[in-house]
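Structure first, then comments.
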Amino acid sequence: MDFGLWLFVWLLLSAGVGFIAEGRGRSGPGFFLLAVVTSPLIGIIVVLVTKDLKLERAEEERRKLDHEREIESIRAIAAAAAAPAAPPAPERRDGVPPTNVGVADELTKLAALRETGVLTQDEFDTQKRRLLGL
C-alpha cells in the first residue's frame, strides 16, 4: 500500500478514537490528536482506561435526587411529629403507661440514614430536635 492510503486509515482510526472519547464525556479533538501523534491503538486504550465522565455525571445526579427525596421524607416525618399530639392513651391494666414507639422508630430510621451517609450530622441533629420537640 502506498503512504497516502496508510495516512488515510491512520486519520480515520484516530477520528474514531475522538468520537469514542466524545461519547464518554472526554475531549474528542484532544484524543484525536493523541491518536494521530502516538497511534490509534494507544489512543483507544487510553480512552477505554479513563473514567466515563458522562456516566459519572448521571450517577451523581441520581445520588442528588435520592438525597433530596430522603430529605423530603425526613421533613414529612418531622412535620408529622410536630403536629398536635393526640389525647393521651389510657393506661394499661397493669398500671404501666404505653411507650411512644413512633418517635423511637423515627429516631432509629434517622440514625440509619446518618450512618449510610444520606444525612449529615447537622441534618440528623435538626431532625432529632424536631422529633423530640426541643
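The values are calculated or read from the model by the stated rules, or taken from the named source; none is laboratory data. None of the values given here were measured: they were computed from a predicted structure. Counting neighbours? That spans all protein chains shown, and the Cβs are built from the backbone with ideal geometry, glycine included.
Name the residues in the range 84-111 that are modelled with pLDDT under 65 and either touching a Lys or Arg at 6+ places or on another chain (Cβ under 6 Å) or of a type in the set (A, V, I, L, M) (or both), would you?
Ala85, Ala86, Ala89, Val96, Val101, listed by residue number.
Could you tell me whether the range 44-58 includes any residue that is not acidic (Asp, Glu) and not in a helix (DSSP H, G or I)? Yes, some residue in the range 44-58 is not acidic (Asp, Glu) and not in a helix (DSSP H, G or I). Here are some residues: Gly30, Gly133. Which one is modelled with pLDDT of 85 or more and not hydrophobic (A, V, I, L, M, F, W, C)? The conditions single out Gly30. Every test in (1) at pLDDT below 60; (2) basic (Lys, Arg); (3) surrounded by 12 or more Cβ atoms within 10 Å (Cβ to Cβ) is passed by Arg114 save one, and that test is (1).
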